[in-house]
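**Q** This is the structure I want to talk about, given as structure tokens.
Taken together, the values in this text are just the output of simple stated rules run on the coordinates, not laboratory data. Since we're looking at a predicted model, the values are computed, not measured. Quick reminder, even Gly has a Cβ in these numbers, built from the backbone with ideal geometry, and neighbours come from all protein chains shown.
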There are 2 protein chains.
Amino acid sequence: MKKEIDFMRRAIELAKKGVGRVAPNPCVGCVIVKNDRIVGEGWHKRFGGPHAEIEALKKAGSRACGAVMYVTLEPCCHFGKTPPCTDAIIKSKVREVFAAMIDPSLHANSKGIKILRAAGIRTQIGLCEKEALAINQIFLKNVRCKLPYVTLKVAASLDGKIAARTGDSTGISCKKSLKFVHELRSEHDAVLVGAGTILADNPHLGVRLIKGKSPIRVILAGGQHIPASAKVFRDKNVIVFDSRRNINFVLKKLFERGVRSVLVEGGEKVFTSFLEAGAVDRYIAVIAPKLIGGARAKTPFSGKGIGEIKSALILKNVEFIQIGCDMVIDGLLNLY
Amino acid sequence: MKKEIDFMRRAIELAKKGVGRVAPNPCVGCVIVKNDRIVGEGWHKRFGGPHAEIEALKKAGSRACGAVMYVTLEPCCHFGKTPPCTDAIIKSKVREVFAAMIDPSLHANSKGIKILRAAGIRTQIGLCEKEALAINQIFLKNVRCKLPYVTLKVAASLDGKIAARTGDSTGISCKKSLKFVHELRSEHDAVLVGAGTILADNPHLGVRLIKGKSPIRVILAGGQHIPASAKVFRDKNVIVFDSRRNINFVLKKLFERGVRSVLVEGGEKVFTSFLEAGAVDRYIAVIAPKLIGGARAKTPFSGKGIGEIKSALILKNVEFIQIGCDMVIDGLLNLY
């Protein structure tokens with residue numbers, strides 16, 4: 001299977017080029033192989049654009065006849081923004097299709113595979129499935145839970161503080177990390193904070209340090225009055241929720257409005273509510289090599305907490321990335 | 001100066017081989033160069049053994065005559081465990097000596113340099129001084145402050161907790177990190193903890209996971225009774241101090257007993273007292289990608305803390321090292 005794995009890995013590499021550009025679609029890559037040589041490649045480049053399979057078939061042309069297709073996701077079989085890929089595959093006379101994973105969407109869910117098989121094309125599912133699942137966590141949560149994917153981003157000192165006892169939190173992380181945060185914002189549909197963060201820091205929460213679209217801003221507010229002059233209101237796309245609402249209710253409402261991913265940016269209370277609700281899918285800590293101290297300083301996770309270390313929430317697929325002076329620790333709490 | 005810098009860097013590399021083996025002496029490396037070629041090298045290998053200069057001169061033999069010596073520390077001029085290096089250097093007819101830094105010890109402090117100059121040997125001080133100072137921080141603090149060098153080691157979760165609300169702290173970091181902690185212990189003369197840590201965790205605090213000598217154990221205890229059955233008492237080398245004593249008093253007493261380096265291992269109160277006293281020279285955080293949570297969970301730095309982020313304690317010379325599943329962040333709060 002060595003050869004087959006290499007071809008599928010190439011398809012996954014291609015799929016990754018679409019990360020952050022194709023939502024709410026999944027990222028998909030495709031490679032067409034004849035006599036052990038790649039004769040066509042493609043990936044899904046932008047929402048509404050042609051699917052990876054169609055791009056690859058176009059490149060392969062008549063060489064697709066009798067060839068093997070490696071695609072990271074089960075080919076679609078319905079009319080969406082584009083016609084069904086299964087029709088094009090059958091027409092191309094590809095003889096075998098390797099799909100890394102099934103598309104769990106209602107209109108797919110093995111239907112595409114069945115259609116290919118009925119047309120006499122051999123199919124195999126599950127080659128490099130883990131890698132294929134990993135690059136489409138947002139899509140998978142959306143489809144399986146009908147909820148937005150939730151990333152929690154926290155900037156903390158080495159002693160785990162997100163603000164000093166006075167509430168000051170400006171400048172914990174370095175300038176390069178700020179740019180990274182703006183990249184994160186541009187990759188999410190919405191940024192969510194508590195009213196306390198708006199009142200304490202008056203953040204704009206938009207994307208300025210890089211080119212990219214600014215996300216919707218979501219504020220969880222209780223009784224607090226947020227002045228109309230707050231920087232966050234400079235853009236029009238702000239939604240305010242009653243902070244006494246259950247986290248799942250908020251996420252459901254956001255999903256209904258088309259929000260597929262949320263970046264939770266603070267503060268302590270909001271972080272804690274999300275963590276206690278089990279609603280955090282990805283946790284990103286930007287750790288600055290500084291010490292803030294203070295029994296009353298804010299931390300990223302207060303509340304009751306766990307009783308024994310063995311019940312701690314453990315991050316999976318952890319990545320460590322040094323950004324400027326800071327260390328970014330990025331991992332998953334839920335896998336879809 | 002390019003050539004000279006390269007030779008001194010080689011001497012520093014050699015000096016580093018002595019780290020952790022020569023205390024209370026400094027680490028020293030030496031290179032002897034004739035016609036741009038190294039004709040002799042040496043480093044101080046163990047306390048009481050020959051100095052780096054003597055080793056290098058022995059290797060160089062008669063080629064030392066007219067050669068240039070690169071040494072990371074001013075050569076000694078007194079009879080200690082071995083005769084003065086200055087005598088041997090003069091006798092060897094070396095024509096020039098580059099020393100990276102002055103030895104601030106009372107019996108040295110430029111005296112060695114003056115003796116060489118009086119004998120007609122050209123001397124230059126300060127080449128690669130920063131690197132030479134960096135490898136001898138323990139020695140420099142000992143000489144300048146007459147106090148042991150203090151390393152604080154903390155194992156924390158990603159949300160900055162060192163124990164759950166129940167006090168449980170067992171198993172925060174991974175097994176490989178534990179081995180790293182045992183290495184740290186074996187490199188320090190003493191390990192210091194509060195009585196609370198002994199009562200909560202009953203640690204042995206010795207070196208077991210690697211080969212190495214176990215440090216003296218120092219316990220800061222207030223009114224608490226520590227049972228004689230506590231694991232820490234299995235070895236005989238335990239000193240108990242009244243925790244109401246000033247940190248500087250404790251460090252002074254330890255220095256008088258010959259302790260040149262202390263590893264502070266917990267808990268929250270002890271960490272906070274040391275940090276508030278400005279007594280921590282090196283801060284090592286072993287961060288596990290887990291979340292513990294809890295407003296009442298322990299953190300590495302409580303107390304009053306700083307008021308504004310711009311007054312945060314900032315680590316210098318920071319190193320990030322991945323050990324097993326954990327990220328180790330290692331930096332200096334004081335430079336000597």
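**Q** If Lys and Arg each add +1 and Asp and Glu each add -1, what is the summed charge of the other residues whose beta carbon sits under 11 Å from the beta carbon of B:Ala163?
**A** Working: positive: B:Lys161, B:Arg165, B:Arg296, B:Lys298; negative: A:Glu308, B:Asp168, B:Asp201, B:Glu268.
Spelling it out: positives minus negatives among the neighbours equals 0.
**Q** Continuing with this model, one more query. Using unit Cβ charges (K, R positive; D, E negative) and no other charged atoms, how large, in debye to the nearest 20, is the dipole of the protein assembly as shown about its Cα centre?
**A** On the way: 108 positive and 60 negative charges, 108 e Å.
Roughly 520 debye for the protein assembly as shown.
**Q** Another one. So for the protein assembly as shown: antiparallel DSSP bridges make up what percent, rounded to the nearest 5?
**A** Working: 50 of 116 bridges.
If I count the DSSP bridges inside the protein assembly as shown, around 45 percent turn out antiparallel.
**Q** Here is a further query. Could you pull the copy-to-copy label distances for A:Leu335, with points set 7 Å along Cα to Cβ, in nm to one decimal and sorted shortest first?
**A** Those label-point separations list as 4.4 nm.
**Q** Follow-up question, since we're still on this one. Mind checking the angle between helix B:175-187 and chain B's longest principal axis? C-alpha axes, 0 to 90 degrees, to the nearest 10.
**A** For helix B:175-187, the angle is close to 50 degrees.
**Q** If you take every DSSP beta bridge whose two residues both sit in chain A, what share of them, in percent to the nearest 5, is antiparallel? Before the final figure, lay out each step's value.
**A** Working: 23 of 56 bridges.
Here the share of antiparallel DSSP bridges comes out near 40 percent.
**Q** Moving to a separate point now. Of the cross-linked pairs A:Lys130/A:Lys253; A:Lys153/B:Lys269; A:Lys290/B:Lys290; A:Lys17/B:Lys290; B:Lys231/B:Lys298, which ones have a Cα-Cα span greater than 25 Å in the structure shown? Don't skip to the answer; put the middle values down first.
**A** Numbers: A:Lys130/A:Lys253 30 Å; A:Lys153/B:Lys269 29 Å; A:Lys290/B:Lys290 20 Å; A:Lys17/B:Lys290 30 Å; B:Lys231/B:Lys298 23 Å.
Long pairs (Cα-Cα over 25 Å): A:Lys130/A:Lys253; A:Lys153/B:Lys269; A:Lys17/B:Lys290.
**Q** Among A:Asn25, A:Asn334, A:Ile90, flag the residue with its Cα farthest along the positive direction of the charge dipole of chain A, charges on Cβ as +1 for Lys/Arg and -1 for Asp/Glu.
**A** A:Ile90
**Q** Let me ask something additional. Can you give the helix-only mean residue ellipticity at 222 nm for the protein assembly as shown, where every DSSP H stretch with n ≥ 4 adds -39500 (n - 2.57) and the sum goes over all residues, rounded to the nearest 500 deg cm²/dmol?
**A** Numbers: 20 runs with 188 residues, N = 672.
So the helix-based figure for the protein assembly as shown works out to -8000 deg cm²/dmol.
**Q** On to the next question. Report ³J(HN,Hα) in whole Hz for each residue of the range B:6-18, in order, from the Karplus equation J = 6.51 cos²θ - 1.76 cosθ + 1.60 where θ = phi - 60°; Gly and Pro get x.
**A** Here the 3J(HN,Hα) series is 4, 5, 5, 4, 5, 5, 5, 4, 5, 4, 4, 4, x Hz.
**Q** Give me D for the range B:189-336 in µm² s⁻¹, whole number, from Stokes-Einstein with Rh from the Kirkwood sum over alpha-carbon pairs, 25 °C and 0.890 mPa s.
**A** Values: Rh = 16.9 Å.
This corresponds to a translational diffusion coefficient of 145 µm²/s.
**Q** Per-residue counts of other Cβ atoms within 10 Å, averaged by peptide: what ranking do you get for B:145-155, B:127-137, highest first? It would help to have the intermediate numbers written out before the result.
**A** Working: B:145-155: 22.1, B:127-137: 19.0.
Answer by packing, highest mean first, reads B:145-155, B:127-137.
**Q** So, one more: A:Gln124 versus A:Asn248, label points 7 Å from Cα toward the beta carbon: distance in nm?
**A** Placing both labels 7 Å beyond Cα along the Cβ direction yields 4.1 nm.
**Q** For B:Arg117 and B:Ile210 in one chain, what is 0.36 nm times their gap in residues minus the Cα-Cα distance, to one decimal in nm? Write down the numbers at each step before the final one.
**A** Details: separation 93, 0.36 × 93 = 33.48 nm, distance 4.64 nm.
Result for the pair: 28.8 nm of gain on full extension.
**Q** Additional query: Kindly flag which residue pairs out of B:Lys81/B:Lys146; A:Lys141/B:Lys176; A:Lys175/B:Lys310; A:Lys2/A:Lys111 have an alpha-carbon separation exceeding 24 Å in this structure. Intermediate values should be presented prior to the final figure.
**A** Values: B:Lys81/B:Lys146 21 Å; A:Lys141/B:Lys176 34 Å; A:Lys175/B:Lys310 14 Å; A:Lys2/A:Lys111 28 Å.
A:Lys141/B:Lys176; A:Lys2/A:Lys111, as the Cα separations exceed 24 Å there.
**Q** Please find, among residues of chain B, the one with the beta carbon closest to the rotation axis relating it to chain A, distance in whole Å.
**A** B:Gly160, 1
**Q** First measure r as the distance between the Cβ atoms of B:Asn334 and B:Lys91, then evaluate 1/(1 + (r/R0)^6) with R0 = 41 Å and state the FRET efficiency to the nearest 0.05. Spell out each step's value before the answer.
**A** Numbers: r = 39 Å, r/R0 = 0.96.
The computed FRET efficiency comes out at 0.55.
**Q** Let's see if you can work this out: charge +1 on each Lys and Arg Cβ, -1 on each Asp and Glu Cβ, no other charges. What is the dipole magnitude of the range B:232-300 about its Cα centre, in debye to the nearest 20? Don't jump to the answer; show the numbers that get you there.
**A** Numbers: 13 positive and 7 negative charges, 31 e Å.
Magnitude of the dipole: close to 160 debye.
**Q** Given axes a ≥ b ≥ c from the Cα gyration tensor, I'd like to know whether the range B:10-94 is rounded (a/c under 1.5), prolate (a/b larger than b/c) or oblate. Display every interim value, and only then the final one.
**A** Details: a/c = 2.31, a/b = 1.36, b/c = 1.69.
Oblate.
**Q** A further question on this structure: For A:Lys3, go through the lysines and keep the ones whose alpha-carbon is under 17 Å away, minus same-chain ones fewer than eight residues off.
**A** Within the straight-line limit of under 17 Å, A:Lys3 reaches these lysines: A:Lys34.
**Q** Continuing with this model, one more query. How far is helix B:247-256 tilted off the main Cα axis of chain B, in degrees rounded to 10, range 0 to 90?
**A** The angle comes out near 50 degrees.
**Q** Only bridges with both residues in the range B:272-336 count here: give the DSSP antiparallel percent, nearest 5. Walk me through the intermediate numbers first.
**A** Working: 12 of 12 bridges.
That works out to approximately 100 percent antiparallel.
**Q** Using the Cα centre of chain A as the reference point, and only Cβ charges (+1 on K/R, -1 on D/E), how large is the resulting charge dipole? Debye, rounded to the nearest 20. Please list the in-between numbers first.
**A** On the way: 54 positive and 30 negative charges, 136 e Å.
With only Lys, Arg, Asp and Glu charged at Cβ, the dipole is about 660 debye.
**Q** Then there is this: Applying 1/(1 + (r/R0)^6) with R0 = 60 Å to the Cβ-Cβ distance of A:Lys236 and B:Asn35, what FRET efficiency is obtained, to the nearest 0.05? Please list the in-between numbers first.
**A** Numbers: r = 76 Å, r/R0 = 1.27.
That pair, A:Lys236 with B:Asn35, gives E of 0.20.
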